[in-house]
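Some notes on the structure that comes next.
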Amino acid sequence: MSGPVAPAPLPRAAITERPRPPPLLRATGSLTAAATGRIGGMVIGVPREIKAGEQRVALTGAGVRALCGAGHRVLVERDAGAGSAIRNDEYAKLGAEVTSVDEVWGGADLILKVKEPLPEEYPRMRDGQVLFTYLHLAPVPDLTRALVKAGVIAIAYETVQRADGSLPLLTPMSEVAGRLAVQEGAFYLAKAHGGRGILLSGVPGVPPGNVVILGAGTVGLNAAKTAVGLGADVSILDVNLDRLRYADDLFRGQVVTLYSTAYSIEQVAQRADLLIGGVLITGARAPLLVSAATIAQMKEGAVVVDVAVDQGGCIETIHPTTLFEPTYVVSGVVHYGVANMPALVPRTSTFALTNATLPYALELASRGVAPALRRNPALAKGVNIWRGRTVHPAVAHALGERATPLEALLG
Ligand SMILES: NC(=O)c1ccc[n+]([C@@H]2O[C@H](COP(=O)([O-])OP(=O)(O)OC[C@H]3O[C@@H](n4cnc5c(N)ncnc54)[C@H](O)[C@@H]3O)[C@@H](O)[C@H]2O)c1
């Protein structure tokens, strides 16, 4: 079945405004999970990530302490934190129940994850269960259909959006990915790694490498910081002149800012040793900015890192790769298309991500989902799927459907 499923009642724990636990219990982080579970809190599940190379986890010890202290029960899959160097006994000490994957998915009202569910996880999703994770649904309609079919409430980190347009749960991973894009690009520019044999900083008497960055958002500016720090020759392009003004002020003439057009991109690509794609149209497939013909005109051994590959990519010849096999070559140009780059530095990324997600997870758990969404418009923007209905306009558009307004579903 791929169409919308008939709305069924939500599990009470997921939707009702729940009573706040007594202050004494809330202030105590060391209560056992069984004790906190009995006071009417939500059950929160943290599965181990199973995507290839993914080592992040959606909750740290600080999160366990905060959620248990607020009266909730936290189920953490055994070894979920191992890749981020967080031990089972650390979670347990802070009040989590460290348990099996079946118990986590089967028992939780609210699942906290990092990456989207994979096909082997689809049968684990339950009607009315809340899934709070990165989803990036626009380029993967099959996953959207699976979420619709499962009847879950899917809240995507990447579309949680404040009134000023900022994306608080995408930002920390974009900061990591932007900085990594240059670090990884520099690695693959080495001859032994398939590249042109360029040291980005240059040396006295030899010019630095040329770095072109598409998009002056979070990824772009963080990439520029690292590239400027290395002493590279950096150009950054955007269609938003305010972003370019900001980059110009920030880097005080150390980067060249260019208005992004098909023509300007063709021109700069020919000079680039490292081309980084960091563009975004929120929720939508990334715009295709670099054609296969432009790639064919780039220097032999140049490297492209398309960070926007998680939204379909802005380079025609890019396809998603994994941390195990990050690159491939097209027209002599090394292509890097890792869709979960922050997983390369899971310890840093886990802490950066959970610093940002925890306040929202606490709000969902402590208020109940519907009240939290009514109260917090930024969080409401994160809802992509609500129990068989596609809510986010860009996600619905990618399926060729009309979105159902969330307000109509929240009542
Ligand atoms: N691969 C990964 O592991 C990874 C990790 C983090 C983020 N990302 C992705 O990186 C992308 C960028 O994220 P962000 O946080 O920097 O977004 P952002 O919104 O902060 O910045 C995107 C920028 O792209 C610009 N833009 C839009 N159309 C453009 C065009 N035609 N030419 C030039 N610029 C254009 C926007 O004006 C904006 O300044 C997203 O797709 C995000 O999901 C990927």
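Of A286, A186, A62, which is the most mobile in a GNM of the chain whose springs link Cα atoms less than 10 angstrom apart?
A62
What does the charge dipole of the chain about its Cα centre add up to, to the nearest 20 debye, if the Cβ of each Lys and Arg holds +1 and the Cβ of each Asp and Glu holds -1?
Values: 38 positive and 35 negative charges, 229 e Å.
With Lys and Arg at +1 and Asp and Glu at -1, about 1100 debye.
Suppose every Lys and Arg Cβ carries +1 and every Asp and Glu Cβ carries -1, with no other charges. What dipole size does the range 89-131 come out with about its Cα centre, to the nearest 20 debye?
Numbers: 5 positive and 10 negative charges, 26 e Å.
In debye, rounded to 20, the range 89-131 gives about 120.
Return the calculated 222 nm mean residue ellipticity for the chain, to the nearest 500 deg cm²/dmol, obtained by summing -39500 (n - 2.57) across DSSP H runs with n ≥ 4 and dividing by the residue count.
Working: 17 runs with 146 residues, N = 411.
The helix-only estimate for the chain comes to -10000 deg cm²/dmol at 222 nm.
Hey, for a label at E316 modelled as a point 7 Å past Cα toward Cβ, could you say which residues of the range 325-351 have their backbone N under 13 Å away?
The answer is 331, whose backbone nitrogens lie closer than 13 Å to the label point.
Using 0.36 nm per residue of separation minus the Cα-Cα distance, give me the extension gain between N240 and R78 in nm, one decimal. If you can, show how the numbers build up before the last one.
On the way: separation 162, 0.36 × 162 = 58.32 nm, distance 4.54 nm.
Extra length from N240 to R78 when fully extended: 53.8 nm.
Rank these by accessible area, largest first, 1.4 Å probe: S235, S331.
Values: S235 10, S331 65 Å².
The ordering from most to least exposed comes out as S331, S235.
Leaving out ligands and nucleic acids, and using a 1.4 Å probe, what accessible area per residue does the chain come to in Å²?
That works out to 41 Å² per residue.
How large, in percent, is the carbon and sulfur part of the accessible surface of the chain at a probe radius of 1.4 Å? Don't jump to the answer; show the numbers that get you there.
Details: 9230 of 16900 Å².
Percent of accessible area from carbon and sulfur atoms in the chain: 55.
Rounding to the nearest 20 debye, state how big the charge dipole of the range 191-319 is about its Cα centre with +1 on each Lys and Arg Cβ and -1 on each Asp and Glu Cβ. Could the numbers behind the result be given before it?
Numbers: 9 positive and 11 negative charges, 42 e Å.
Using Cβ point charges on Lys, Arg, Asp and Glu, the range 191-319 gives about 200 debye.
If I model a spin label at I50 and A92 as a point 7 Å from the Cα along the Cα→Cβ vector, what separation in nanometres do I get?
Between I50 and A92, the label points sit 2.4 nm apart.
So how long is each side of the range 266-411 along the principal axes, counting just the alpha-carbon atoms, biggest first, in Å?
57, 38, 25
Determine the relative contact order of the chain: mean sequence separation of Cα pairs under 8 Å and six or more apart, normalised by residue count, in whole percent.
Values: 962 pairs, mean separation 76.8, N = 411.
Value for the chain: 19 percent.
Say each of L199 and N355 gets a label point 7 Å from the Cα, pointing the same way as Cα to Cβ; how far apart are those two points in nm?
3.3
The values are calculated or read from the model by the stated rules, or taken from the named source; none is laboratory data. Worth saying up front: this structure is predicted, and the values here are computed from it rather than measured. Please note: Cβ atoms are built from the backbone with ideal geometry, for glycine as well, and neighbour counts cover all protein chains shown. Just so you know, the surface numbers come from the protein's heavy atoms only, side chains and all, with ligands and any DNA or RNA stripped out. Shrake-Rupley method; radii C 1.70, N 1.55, O 1.52, S 1.80 Å.
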